[in-house]
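Dropping the structure in here first, questions after.
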Amino acid sequence: RNALFSFHPVAENFLQRIMNLFAAAHYKNSPNDLQLLSDAPTHRLFVLLGPEYAEGDFKPCNSENSTALHPTAMGKRVGTSLPDALVVIQLAFEGSMKPDLVKATLSSGEMVPGDLIPWALSQQFCSADFPTLSGARIVRVVTHPEVQGMGYGSQAICQLRDFFCQSLATLARSSASELFDAVEPAMRVQTGDRKLQSESIRPRKRLPPLLVSMEQIKPPRIDWLGTSFGLNRRALNFWVKNGFMVVHVRQSANDVTGEHNAILLREVSANVEWRQSESHSRKSGWVHDMAKEMRKRFIRLLAIPPFNSFDTSMCLSLLGKGMANVAEDVRRLHGAESKQNQHATLHDGADESISLSDEAHPSRLTTHDLKRLKFYLRGMADHTVAADVLSIIAADILYSDVPIVELTELQAAILVGVSLQQRPVDSVSSELKLSPAHLLSLYSKTARKIVLHCFPHVPERDP
């Protein structure tokens with residue numbers, strides 16, 4: 001940090017490149033972003049740099065734009081200047097709070113500034129345990145415009161994860177490790193260390209290196225990696241693809257952007273040597289448990305605002321049901337293979353002993369519920385007659401981690417829109433670009449396949 005803001009020509013040029021990337025990648029930028037990087041004690045920058053290249057390796061890309069460079073040529077000429085920044089990650093360390101502070105703050109109802117993820121999740125899960133864990137929130141990931149969509153962002157996230165999991169090639173543990181030795185996220189000031197306030201602002205004669213390889217740094221001990229952003233499909237799919245799980249979606253929209261903020265976490269598996277006290281007795285897989293709890297609550301709230309206005313594809317992504325390629329399924333339905341794709345198929349190797357949860361199990365459904373279900377499947381009643389029963393069954397199928405019945409994305413989207421969100425058929429059919437009659441036909445066939453697999457004792461027709 002001292003080197004980056006030293007006003008040295010090389011450092012100044014590098015800082016300008018980073019801020020240019022920030023400004024080009026996001027519409028909401030302010031001078032406060034620069035001040036955070038210079039003053040906030042818990043913020044760090046990780047940069048994925050381009051390689052060094054020799055003079056003969058510098059080749060233009062074969063395209064109409066003669067000024068574009070081949071992606072492998074992005075970097076620097078050997079011995080000239082700093083290489084190009086392909087990806088910049090801004091990180092903020094959070095958590096690692098004292099239990100007494102957490103309980104006092106939660107009791108007062110006034111949150112301490114900072115530590116966005118710990119405070120949000122401690123309220124949502126009614127837990128004073130989570131803020132005591134240490135973590136790192138990825139504030140932003142910015143990729144150079146010329147290499148976007150080429151996997152560099154995911155590669156940077158992967159290397160960052162490996163760094164905190166201590167699985168990089170060889171950690172040299174050089175003197176540069178002091179950069180992270182004192183990281184106790186944001187607690188330095190709260191525990192009486194006033195070094196930040198008493199620091200003397202003056203020109204420095206001896207500056208640390210501007211860039212240090214992560215292989216030479218001892219990583220701080222953290223329990224989770226997380227991120228928080230305004231919900232949109234592109235960003236959500238990026239983080240899910242990189243192994244992050246949705247643990248919270250805010251019900252009220254942001255006043256400025258109109259988006260619903262989401263929090264995603266990924267467990268750092270290398271640091272699971274929990275202390276034996278009751279407040280830290282966690283096992284590996286606890287992030288998965290939080291994501292499963294969020295999924296259950298989300299399903300229950302899908303029928304009321306604001307979640308009943310979400311696109312079905314967005315809902316499926318939040319439920320962890322793949323990337324929800326609904327448009328592709330619709331195209332197939334209108335193509336030569338439409339007859340084959342109108343039917344759900346059993347999951348390969350599905351265990352016949354797999355059943356619904358206690359709430360949707362036949363023993364929890366009354367005889368009248370099953371009778372209404374049978375009448376609908378026989379075409380003797382409208383889908384609204386069995387809507388409540390199908391809602392329970394759909395919730396159980398989409399909540400389960402184990403595939404009970406394998407559905408196409410389109411079939412799952414119809415279940416979400418009609419059964420869980422309880423939207424009008426016209427609204428769902430308009431979103432999925434199907435006629436209402438076609439949608440109801442697919443809904444009936446999907447329901448029949450599910451019922452015949454999960455409730456084989458409910459026949460479609462009388463003997």
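Ranked highest first by average number of other Cβ atoms within 10 Å, how do 433-442, 259-268 line up?
259-268, 433-442
Using a basic spin-label model with each label point 7 Å from the Cα along Cα→Cβ, how many nm lie between Thr367 and Arg206?
Modelled inter-label distance: 8.9 nm.
Here are some pairs, Lys371/Lys449; Lys321/Lys433; Lys103/Lys241; Lys98/Lys296; Lys98/Lys205; which of them have Cα atoms lying more than 28 Å apart in this structure?
Lys103/Lys241; Lys98/Lys296; Lys98/Lys205
Follow-up question, since we're still on this one. Amide H to amide H, which residues 5 or more places from Leu49 or on other chains are under 5 Å from it, using H placed in the peptide plane?
Here Leu86 satisfy the definition.
Go through 443-451, 409-417, 132-140 and give me the packing order, highest mean Cβ count within 10 Å leading.
409-417, 132-140, 443-451
How much accessible surface area, in Å² rounded to 10, belongs to the heavy atoms of Val256 with a 1.4 Å probe?
Accessible surface of Val256 is approximately 120 Å².
Enumerate the calculated ³J(HN,Hα) couplings along the stretch 36-45 in order (Karplus 6.51 cos²θ - 1.76 cosθ + 1.60, θ = phi - 60°), each rounded to whole Hz, writing x wherever the residue is Gly or Pro.
Going residue by residue, I get 4, 5, 7, 10, 5, x, 9, 8, 9, 10 Hz, with x marking Gly and Pro.
What figure in square angstrom, to the nearest 10, would you give for the accessible area of Asp388 with a 1.4 Å probe?
Spelled out: Asp388, probe radius 1.4 Å, area about 80 Å².
How far is it, in nm, from the label point at Gln35 to the one at Glu406 when both lie 7 Å from their Cα along the line to the Cβ?
Distance between label points: 5.6 nm.
Which FRET efficiency value, to the nearest 0.05, is calculated for Ala253 and Ser441 with the Förster distance at 22 angstrom and r the Cβ-Cβ distance?
Here the calculated transfer efficiency is 0.05.
Under a point spin-label approximation (7 Å from Cα along Cα-to-Cβ), what is the Phe125-Glu431 distance to one decimal in nm?
Inter-label distance under the simple model: 2.8 nm.
The values are calculated or read from the model by the stated rules, or taken from the named source; none is laboratory data. For clarity, every value in this text was computed on a predicted model and none was experimentally measured. Neighbour counts run over all protein chains shown; Cβ positions are idealised from the backbone, glycine included. Side chains are part of the model used for accessible areas, which takes the heavy atoms of the whole protein and leaves out ligands, DNA and RNA. Shrake-Rupley method; radii C 1.70, N 1.55, O 1.52, S 1.80 Å.
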